[in-house]
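The values are calculated or read from the model by the stated rules, or taken from the named source; none is laboratory data. On a predicted model such as this, the values are computed, not experimentally measured, just so you know. Cβ atoms come from the backbone with ideal geometry, glycine included; neighbour counts cover every protein chain shown. Remember, those area values only see protein heavy atoms, side chains included, never the ligands or the DNA or RNA. Shrake-Rupley method; radii C 1.70, N 1.55, O 1.52, S 1.80 Å.
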Amino acid sequence: MQRGIMDLQMVHAKSTSWNLGGLYKIDPALDFERLVKAVQLVINHFAVFGTQFFIDEATIELRQRFVKERLPLSIEELSEEAFTKMKDTLKQPFRLFNALMYRARAFRTPSGCYLFFDFHHTIVDGTSIQIFFRTLEAAYQGQSLPESCYDFQDILEREFYAAPDVKPEDAEAVAFKDFLADLDLKRYLPVPDYDTNRDKKDDLFFPIPELSKSYFVGKNYGGNVFFMTAALLAQARLLGNDDAFLVWTYNGRNTAMKLSVMGPLLHDNPLHLQLEETLTAAELLQKVNDIALQQMQVLPGTEVIMDSEIDGNCMGFIYQQELHSNPVLAGKTLVPEAIADPLSASSDVFDIEIWEKPEGFLLYLDYDGNRYSAGTASRFGREFLQISTCMASEPQVKVGTLLKKQISC
(Lines give C-alpha, C1' and ligand atoms only; values in the text may rest on other atoms or scores of the structure.)
Protein backbone atom coordinates (compact mmCIF):
# COMPACT_ATOMS: atom_id res chain seq x y z
CA MET A 1 0.00 0.00 0.00
CA GLN A 2 2.85 2.37 0.80
CA ARG A 3 4.43 1.64 -2.56
CA GLY A 4 1.14 2.28 -4.34
CA ILE A 5 0.71 5.66 -2.65
CA MET A 6 4.31 6.59 -3.48
CA ASP A 7 3.77 5.63 -7.12
CA LEU A 8 0.71 7.89 -7.33
CA GLN A 9 2.50 10.69 -5.48
CA MET A 10 5.39 10.59 -7.95
CA VAL A 11 2.96 10.82 -10.87
CA HIS A 12 1.47 13.91 -9.19
CA ALA A 13 4.71 15.09 -7.56
CA LYS A 14 3.39 18.48 -6.45
CA SER A 15 0.01 17.24 -5.23
CA THR A 16 -1.14 17.40 -1.60
CA SER A 17 -3.81 14.74 -2.14
CA TRP A 18 -2.02 12.36 0.28
CA ASN A 19 -1.52 14.94 3.05
CA LEU A 20 -3.62 14.06 6.10
CA GLY A 21 -4.24 16.31 9.10
CA GLY A 22 -5.22 19.93 9.47
CA LEU A 23 -5.06 23.18 11.42
CA TYR A 24 -6.91 23.24 14.75
CA LYS A 25 -7.81 26.15 17.02
CA ILE A 26 -7.16 25.29 20.66
CA ASP A 27 -9.70 25.99 23.37
CA PRO A 28 -8.38 28.69 25.76
CA ALA A 29 -9.12 26.39 28.71
CA LEU A 30 -6.30 24.08 27.60
CA ASP A 31 -2.74 24.71 28.72
CA PHE A 32 -1.10 25.36 25.35
CA GLU A 33 2.53 25.00 26.48
CA ARG A 34 1.69 21.69 28.12
CA LEU A 35 -0.17 20.56 25.01
CA VAL A 36 2.76 21.36 22.71
CA LYS A 37 5.09 19.33 24.93
CA ALA A 38 2.58 16.46 24.80
CA VAL A 39 2.56 16.60 20.99
CA GLN A 40 6.36 16.29 20.90
CA LEU A 41 6.20 13.40 23.36
CA VAL A 42 3.69 11.50 21.21
CA ILE A 43 5.66 12.05 18.01
CA ASN A 44 8.81 10.82 19.74
CA HIS A 45 6.90 7.79 21.04
CA PHE A 46 5.92 6.20 17.73
CA ALA A 47 8.58 4.72 15.44
CA VAL A 48 6.59 5.49 12.30
CA PHE A 49 7.26 9.24 12.68
CA GLY A 50 10.91 8.45 12.04
CA THR A 51 10.11 6.97 8.61
CA GLN A 52 12.34 7.98 5.71
CA PHE A 53 12.13 6.62 2.18
CA PHE A 54 15.23 6.21 0.06
CA ILE A 55 16.47 4.48 -3.09
CA ASP A 56 18.81 1.57 -2.41
CA GLU A 57 21.79 2.28 -4.67
CA ALA A 58 22.69 -1.40 -4.94
CA THR A 59 19.26 -2.65 -6.01
CA ILE A 60 17.65 0.60 -7.28
CA GLU A 61 14.61 -0.25 -5.18
CA LEU A 62 12.46 1.88 -2.93
CA ARG A 63 13.23 1.27 0.76
CA GLN A 64 12.28 2.75 4.12
CA ARG A 65 14.19 3.20 7.34
CA PHE A 66 13.21 4.34 10.83
CA VAL A 67 15.47 7.02 12.29
CA LYS A 68 15.47 8.50 15.79
CA GLU A 69 15.45 12.05 14.43
CA ARG A 70 12.31 14.19 14.97
CA LEU A 71 11.47 17.74 13.96
CA PRO A 72 11.71 20.13 16.95
CA LEU A 73 8.38 21.68 17.94
CA SER A 74 8.18 25.12 19.54
CA ILE A 75 5.51 27.82 19.74
CA GLU A 76 5.71 30.41 16.95
CA GLU A 77 4.47 33.87 17.97
CA LEU A 78 2.71 35.58 15.04
CA SER A 79 0.66 38.68 14.40
CA GLU A 80 -2.83 38.18 13.01
CA GLU A 81 -1.72 39.49 9.63
CA ALA A 82 1.29 37.18 9.46
CA PHE A 83 -0.79 34.20 10.57
CA THR A 84 -3.45 34.89 7.92
CA LYS A 85 -0.81 35.00 5.17
CA MET A 86 1.00 31.93 6.51
CA LYS A 87 -2.20 29.80 6.57
CA ASP A 88 -2.32 29.91 2.75
CA THR A 89 1.09 28.22 2.53
CA LEU A 90 0.82 25.61 5.31
CA LYS A 91 -0.21 22.65 3.19
CA GLN A 92 2.64 21.73 0.87
CA PRO A 93 3.81 18.57 -0.95
CA PHE A 94 6.32 16.45 0.94
CA ARG A 95 9.89 15.88 -0.09
CA LEU A 96 9.62 12.13 -0.69
CA PHE A 97 13.18 10.91 -0.17
CA ASN A 98 15.61 11.15 2.75
CA ALA A 99 13.22 13.33 4.74
CA LEU A 100 10.64 12.85 7.49
CA MET A 101 7.07 12.40 6.25
CA TYR A 102 5.25 14.56 8.77
CA ARG A 103 5.01 18.19 9.91
CA ALA A 104 3.83 19.59 13.22
CA ARG A 105 3.70 23.29 14.11
CA ALA A 106 2.31 25.40 16.98
CA PHE A 107 1.19 29.03 16.65
CA ARG A 108 0.12 31.69 19.08
CA THR A 109 -1.57 34.89 17.86
CA PRO A 110 -3.30 37.72 19.72
CA SER A 111 -6.65 35.99 19.11
CA GLY A 112 -5.75 32.39 19.99
CA CYS A 113 -3.53 29.32 19.78
CA TYR A 114 -3.33 26.75 16.97
CA LEU A 115 -1.82 23.35 16.19
CA PHE A 116 -1.04 22.19 12.66
CA PHE A 117 -0.54 18.52 11.77
CA ASP A 118 0.41 17.27 8.31
CA PHE A 119 1.00 13.52 7.95
CA HIS A 120 1.77 11.84 4.66
CA HIS A 121 -0.52 8.91 3.90
CA THR A 122 2.48 6.60 3.55
CA ILE A 123 3.02 6.72 7.33
CA VAL A 124 -0.52 6.97 8.72
CA ASP A 125 -4.05 5.90 7.90
CA GLY A 126 -7.36 7.10 9.33
CA THR A 127 -7.20 4.75 12.31
CA SER A 128 -3.69 6.02 13.07
CA ILE A 129 -4.99 9.57 13.36
CA GLN A 130 -7.54 8.42 15.95
CA ILE A 131 -4.74 6.62 17.83
CA PHE A 132 -2.62 9.78 17.64
CA PHE A 133 -5.26 11.93 19.32
CA ARG A 134 -6.07 9.27 21.93
CA THR A 135 -2.37 9.07 22.80
CA LEU A 136 -2.13 12.87 22.83
CA GLU A 137 -4.97 12.97 25.36
CA ALA A 138 -3.05 10.56 27.61
CA ALA A 139 0.18 12.53 27.28
CA TYR A 140 -1.58 15.83 28.00
CA GLN A 141 -3.15 14.33 31.12
CA GLY A 142 0.31 13.36 32.34
CA GLN A 143 -0.15 9.63 31.91
CA SER A 144 2.98 7.66 31.10
CA LEU A 145 3.01 6.17 27.63
CA PRO A 146 3.90 2.48 27.76
CA GLU A 147 6.60 1.18 25.51
CA SER A 148 4.94 -0.07 22.35
CA CYS A 149 5.22 -3.86 22.25
CA TYR A 150 4.02 -4.01 18.65
CA ASP A 151 4.78 -1.09 16.34
CA PHE A 152 4.56 -0.60 12.59
CA GLN A 153 8.23 -1.49 12.24
CA ASP A 154 7.55 -4.80 14.00
CA ILE A 155 4.71 -5.59 11.59
CA LEU A 156 6.97 -5.05 8.59
CA GLU A 157 9.66 -7.29 10.06
CA ARG A 158 7.33 -10.08 11.23
CA GLU A 159 4.77 -10.19 8.46
CA PHE A 160 6.59 -9.01 5.34
CA TYR A 161 10.38 -9.14 5.53
CA ALA A 162 10.41 -12.45 7.41
CA ALA A 163 7.62 -13.96 5.30
CA PRO A 164 8.47 -16.73 2.82
CA ASP A 165 9.13 -15.57 -0.71
CA VAL A 166 6.75 -18.15 -2.12
CA LYS A 167 3.29 -18.04 -0.59
CA PRO A 168 1.07 -21.08 -1.05
CA GLU A 169 -2.10 -20.35 -3.01
CA ASP A 170 -5.12 -22.55 -3.45
CA ALA A 171 -6.82 -23.10 -6.79
CA GLU A 172 -9.65 -20.70 -5.92
CA ALA A 173 -7.21 -17.83 -5.28
CA VAL A 174 -5.36 -18.50 -8.54
CA ALA A 175 -8.64 -18.58 -10.45
CA PHE A 176 -9.70 -15.26 -8.89
CA LYS A 177 -6.41 -13.63 -9.93
CA ASP A 178 -6.91 -14.89 -13.48
CA PHE A 179 -10.48 -13.54 -13.44
CA LEU A 180 -9.29 -10.11 -12.31
CA ALA A 181 -6.62 -10.04 -14.99
CA ASP A 182 -9.30 -10.52 -17.66
CA LEU A 183 -11.83 -8.14 -16.08
CA ASP A 184 -13.12 -5.33 -18.31
CA LEU A 185 -12.91 -2.48 -15.80
CA LYS A 186 -14.76 -0.07 -18.11
CA ARG A 187 -17.95 -2.10 -17.55
CA TYR A 188 -18.02 -0.94 -13.93
CA LEU A 189 -17.56 2.78 -14.49
CA PRO A 190 -19.90 5.37 -16.05
CA VAL A 191 -19.08 6.51 -19.58
CA PRO A 192 -16.79 9.56 -19.19
CA ASP A 193 -18.37 12.96 -19.71
CA TYR A 194 -15.04 14.60 -20.57
CA ASP A 195 -11.70 13.74 -22.09
CA THR A 196 -9.41 16.44 -20.74
CA ASN A 197 -6.21 16.88 -18.80
CA ARG A 198 -7.43 19.39 -16.24
CA ASP A 199 -6.14 17.33 -13.29
CA LYS A 200 -9.29 18.37 -11.49
CA LYS A 201 -10.58 16.88 -8.27
CA ASP A 202 -14.33 17.20 -7.65
CA ASP A 203 -16.54 16.01 -4.83
CA LEU A 204 -20.13 15.92 -3.60
CA PHE A 205 -21.75 15.33 -0.21
CA PHE A 206 -25.08 13.63 0.47
CA PRO A 207 -26.53 13.34 3.99
CA ILE A 208 -28.10 9.92 4.67
CA PRO A 209 -31.03 11.01 6.85
CA GLU A 210 -32.88 7.71 7.18
CA LEU A 211 -30.18 5.80 9.06
CA SER A 212 -28.39 6.09 12.39
CA LYS A 213 -25.76 3.90 14.07
CA SER A 214 -28.51 2.33 16.19
CA TYR A 215 -29.87 0.62 13.06
CA PHE A 216 -26.96 -1.85 13.13
CA VAL A 217 -27.35 -2.85 16.77
CA GLY A 218 -28.08 -6.58 16.96
CA LYS A 219 -27.21 -7.23 13.31
CA ASN A 220 -24.31 -9.45 12.27
CA TYR A 221 -23.06 -6.80 9.83
CA GLY A 222 -22.24 -3.15 10.30
CA GLY A 223 -22.19 0.02 8.27
CA ASN A 224 -19.22 -1.05 6.17
CA VAL A 225 -21.04 -4.06 4.68
CA PHE A 226 -24.43 -2.34 4.44
CA PHE A 227 -23.19 0.71 2.54
CA MET A 228 -20.74 -1.30 0.42
CA THR A 229 -23.68 -3.45 -0.70
CA ALA A 230 -25.66 -0.29 -1.51
CA ALA A 231 -22.70 0.96 -3.57
CA LEU A 232 -22.53 -2.30 -5.56
CA LEU A 233 -26.25 -2.15 -6.28
CA ALA A 234 -26.16 1.55 -7.17
CA GLN A 235 -23.32 0.91 -9.60
CA ALA A 236 -25.17 -1.94 -11.29
CA ARG A 237 -28.41 0.00 -11.45
CA LEU A 238 -26.76 3.11 -12.87
CA LEU A 239 -24.90 1.12 -15.54
CA GLY A 240 -27.57 -1.49 -16.29
CA ASN A 241 -25.38 -4.44 -15.23
CA ASP A 242 -26.35 -7.64 -13.43
CA ASP A 243 -22.99 -7.75 -11.66
CA ALA A 244 -20.79 -5.20 -9.90
CA PHE A 245 -17.14 -4.65 -9.08
CA LEU A 246 -15.30 -2.31 -6.76
CA VAL A 247 -12.26 -2.20 -4.51
CA TRP A 248 -12.97 -1.71 -0.83
CA THR A 249 -10.47 -0.51 1.73
CA TYR A 250 -10.05 -2.32 5.03
CA ASN A 251 -8.09 -0.80 7.92
CA GLY A 252 -6.03 -3.99 8.33
CA ARG A 253 -6.62 -4.23 12.08
CA ASN A 254 -7.41 -7.94 12.04
CA THR A 255 -5.82 -8.70 15.42
CA ALA A 256 -6.33 -7.14 18.85
CA MET A 257 -2.67 -6.10 18.93
CA LYS A 258 -2.97 -4.10 15.71
CA LEU A 259 -5.75 -1.92 17.10
CA SER A 260 -3.14 0.25 18.83
CA VAL A 261 -0.52 0.30 16.05
CA MET A 262 0.37 3.67 14.57
CA GLY A 263 1.07 3.15 10.88
CA PRO A 264 -0.54 2.55 7.48
CA LEU A 265 -2.09 -0.93 7.76
CA LEU A 266 -4.70 -0.37 5.04
CA HIS A 267 -5.50 -3.17 2.58
CA ASP A 268 -7.46 -2.84 -0.63
CA ASN A 269 -9.62 -5.80 -1.54
CA PRO A 270 -11.20 -6.44 -4.95
CA LEU A 271 -14.83 -7.52 -4.72
CA HIS A 272 -16.82 -8.84 -7.68
CA LEU A 273 -20.44 -9.81 -7.13
CA GLN A 274 -23.03 -11.43 -9.36
CA LEU A 275 -26.36 -9.83 -8.41
CA GLU A 276 -28.93 -12.61 -8.39
CA GLU A 277 -32.36 -11.03 -8.76
CA THR A 278 -34.11 -13.68 -6.64
CA LEU A 279 -32.02 -12.92 -3.54
CA THR A 280 -33.48 -10.67 -0.86
CA ALA A 281 -31.57 -7.64 0.36
CA ALA A 282 -30.98 -9.45 3.65
CA GLU A 283 -29.50 -12.46 1.82
CA LEU A 284 -27.30 -10.24 -0.33
CA LEU A 285 -26.03 -8.42 2.76
CA GLN A 286 -25.14 -11.76 4.32
CA LYS A 287 -23.30 -12.78 1.16
CA VAL A 288 -21.25 -9.57 1.10
CA ASN A 289 -20.59 -9.91 4.83
CA ASP A 290 -19.21 -13.44 4.34
CA ILE A 291 -16.89 -12.26 1.55
CA ALA A 292 -15.67 -9.29 3.58
CA LEU A 293 -14.99 -11.42 6.66
CA GLN A 294 -12.96 -13.88 4.61
CA GLN A 295 -10.93 -11.09 3.01
CA MET A 296 -10.31 -9.45 6.38
CA GLN A 297 -8.81 -12.69 7.67
CA VAL A 298 -6.45 -13.40 4.80
CA LEU A 299 -5.90 -9.88 3.45
CA PRO A 300 -5.22 -11.10 -0.10
CA GLY A 301 -6.12 -8.08 -2.12
CA THR A 302 -3.35 -5.52 -2.03
CA GLU A 303 -0.73 -7.53 -3.90
CA VAL A 304 -3.28 -8.59 -6.51
CA ILE A 305 -4.23 -4.98 -7.14
CA MET A 306 -0.67 -3.68 -7.15
CA ASP A 307 0.28 -6.19 -9.83
CA SER A 308 -2.62 -5.33 -12.14
CA GLU A 309 -4.32 -2.42 -13.87
CA ILE A 310 -7.04 -2.30 -11.21
CA ASP A 311 -5.51 0.33 -8.92
CA GLY A 312 -6.92 3.75 -9.76
CA ASN A 313 -9.10 2.45 -12.60
CA CYS A 314 -12.27 1.40 -10.82
CA MET A 315 -14.74 2.51 -8.19
CA GLY A 316 -13.36 2.46 -4.66
CA PHE A 317 -15.25 2.21 -1.39
CA ILE A 318 -14.14 3.15 2.12
CA TYR A 319 -16.03 3.39 5.39
CA GLN A 320 -14.56 6.18 7.53
CA GLN A 321 -15.49 5.32 11.10
CA GLU A 322 -15.54 8.57 13.10
CA LEU A 323 -12.45 9.79 11.21
CA HIS A 324 -14.07 13.10 10.33
CA SER A 325 -15.31 13.88 13.84
CA ASN A 326 -13.42 16.71 15.55
CA PRO A 327 -10.83 15.49 18.09
CA VAL A 328 -11.48 16.17 21.77
CA LEU A 329 -8.81 16.78 24.43
CA ALA A 330 -9.65 17.06 28.13
CA GLY A 331 -13.28 17.56 27.21
CA LYS A 332 -12.51 20.42 24.80
CA THR A 333 -13.05 20.10 21.06
CA LEU A 334 -10.22 21.02 18.69
CA VAL A 335 -11.95 23.14 16.06
CA PRO A 336 -10.58 22.75 12.50
CA GLU A 337 -9.66 25.91 10.63
CA ALA A 338 -10.01 26.21 6.88
CA ILE A 339 -6.68 26.36 5.06
CA ALA A 340 -5.87 26.72 1.38
CA ASP A 341 -5.20 23.53 -0.57
CA PRO A 342 -4.70 24.58 -4.21
CA LEU A 343 -2.33 21.68 -4.92
CA SER A 344 -4.80 18.84 -4.33
CA ALA A 345 -5.11 16.87 -7.56
CA SER A 346 -7.37 14.09 -8.73
CA SER A 347 -5.97 10.74 -7.62
CA ASP A 348 -9.02 8.48 -7.86
CA VAL A 349 -11.41 7.87 -10.69
CA PHE A 350 -14.58 7.49 -8.58
CA ASP A 351 -14.38 6.93 -4.84
CA ILE A 352 -17.34 6.33 -2.55
CA GLU A 353 -16.81 7.19 1.11
CA ILE A 354 -19.16 6.86 4.06
CA TRP A 355 -18.38 9.23 6.91
CA GLU A 356 -19.68 8.09 10.28
CA LYS A 357 -20.38 11.19 12.33
CA PRO A 358 -22.09 11.70 15.72
CA GLU A 359 -25.19 13.07 14.00
CA GLY A 360 -25.43 10.26 11.45
CA PHE A 361 -23.94 9.15 8.14
CA LEU A 362 -22.70 11.17 5.19
CA LEU A 363 -22.06 9.93 1.64
CA TYR A 364 -19.00 11.59 0.13
CA LEU A 365 -18.18 11.12 -3.56
CA ASP A 366 -14.63 11.99 -4.58
CA TYR A 367 -14.27 11.71 -8.34
CA ASP A 368 -12.04 12.64 -11.26
CA GLY A 369 -13.26 15.93 -12.69
CA ASN A 370 -11.29 15.16 -15.85
CA ARG A 371 -13.77 12.40 -16.64
CA TYR A 372 -17.06 13.03 -14.86
CA SER A 373 -19.49 15.88 -14.42
CA ALA A 374 -21.30 16.69 -11.20
CA GLY A 375 -24.46 15.43 -12.91
CA THR A 376 -23.06 11.90 -13.29
CA ALA A 377 -21.88 11.82 -9.68
CA SER A 378 -25.26 13.14 -8.52
CA ARG A 379 -27.08 10.38 -10.38
CA PHE A 380 -24.98 7.78 -8.59
CA GLY A 381 -25.63 9.51 -5.28
CA ARG A 382 -29.40 9.46 -5.82
CA GLU A 383 -29.36 5.78 -6.73
CA PHE A 384 -27.27 5.03 -3.65
CA LEU A 385 -29.57 6.91 -1.27
CA GLN A 386 -32.73 5.31 -2.68
CA ILE A 387 -31.29 1.79 -2.46
CA SER A 388 -29.98 2.38 1.08
CA THR A 389 -33.37 3.60 2.26
CA CYS A 390 -35.16 0.68 0.63
CA MET A 391 -32.81 -1.99 2.06
CA ALA A 392 -33.14 -0.51 5.54
CA SER A 393 -36.94 -0.28 5.50
CA GLU A 394 -37.65 -3.55 3.65
CA PRO A 395 -34.88 -6.16 4.22
CA GLN A 396 -36.91 -8.76 2.30
CA VAL A 397 -37.07 -6.69 -0.88
CA LYS A 398 -35.70 -8.61 -3.87
CA VAL A 399 -32.46 -7.64 -5.59
CA GLY A 400 -34.36 -7.59 -8.89
CA THR A 401 -36.61 -4.88 -7.47
CA LEU A 402 -33.67 -2.85 -6.21
CA LEU A 403 -32.11 -2.90 -9.68
CA LYS A 404 -35.23 -1.46 -11.30
CA LYS A 405 -35.33 2.21 -12.06
CA GLN A 406 -38.47 2.71 -10.00
CA ILE A 407 -38.39 1.48 -6.39
CA SER A 408 -41.58 1.59 -4.39
CA CYS A 409 -39.90 1.53 -0.95
Worksheet item: Which Cα, out of 40, 288, 267, lies furthest along the positive dipole direction of the chain (beta carbon charges, K/R +1, D/E -1)?
Response: 40
Worksheet item: Normalised by the residues of the chain, what does the relative contact order come to in percent, with Cα pairs under 8 Å and at least six apart?
Response: 23
Practice prompt. Go ahead and set up a Gaussian network model of the chain, Cα springs under 10 Å, then flag whichever of 265, 62, 362 fluctuates most.
Written response: 62
Worksheet item: What longest region of the chain stays clear of GluC sites (Glu not before Pro) that DSSP places outside H, G, I, E and B and that have at most 14 other Cβ atoms within 10 Å?
Response: 70-146
Discussion item. Which of rounded, prolate or oblate describes region 312-403 when judged by the alpha-carbon gyration tensor and an a/c cut-off of 1.5?
Written reply: oblate
Fill in: 14 Å reach of a label modelled at residue 65, 7 Å along Cα-to-Cβ, counting backbone N of region 240-263
none
Item to complete: Rounded, prolate or oblate: pick one for region 62-157, where a ≥ b ≥ c are the square roots of the eigenvalues of its C-alpha gyration tensor, a/c under 1.5 means rounded, and failing that, prolate if a/b is larger than b/c, else oblate.
Response: oblate
Worksheet item: Roughly how many percent of the accessible protein surface of the chain is carbon and sulfur, given a 1.4 Å probe and a whole-percent answer?
Response: 52
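Give the range of the longest stretch in the chain that excludes all chymotrypsin sites (Phe, Trp or Tyr not before Pro) found in loop regions by DSSP and having at most 16 other beta-carbon atoms within 10 Å.
195-409
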Practice prompt. Return the long-range amide H neighbours of residue 243 (sequence gap of 5 or more, or a different chain), with a cut-off of under 5 Å between placed amide H atoms.
Written response: 275
Worksheet item: What does the helix-only formula give at 222 nm for the chain: each DSSP H stretch with n ≥ 4 adding -39500 (n - 2.57), the total divided by the residues, and the result rounded to the nearest 500 deg cm²/dmol?
Response: -9500 deg cm²/dmol
Worksheet item: In terms of Cα to Cα distance under 27 Å, which lysines are near enough to residue 91, apart from those fewer than 8 places away along the same chain?
Response: 14, 25, 37, 68, 200, 201, 332, 357
Worksheet item: Using +1 on the beta carbon of Lys and Arg, -1 on that of Asp and Glu, and nothing else charged, what's the dipole of the chain about the Cα centre, debye to 20?
Response: 1040
Worksheet entry | Per principal axis, descending, Cα span of the chain in whole Å | 64, 51, 47
Worksheet, complete the sentence: GNM on the chain, Cα springs under 10 Å; top mean-square fluctuation among 338, 281, 139 goes to 338
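If you roll a 1.4 Å probe over the heavy atoms of the protein chains, what accessible area per residue do you get for the chain, in Å²?
Result: 48 Å² per residue.
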Item to complete: Measure off 7 Å from each Cα along the Cα-to-Cβ vector at residue 272 and residue 156, then give the distance between these two points in nanometres to one decimal.
Response: 3.4
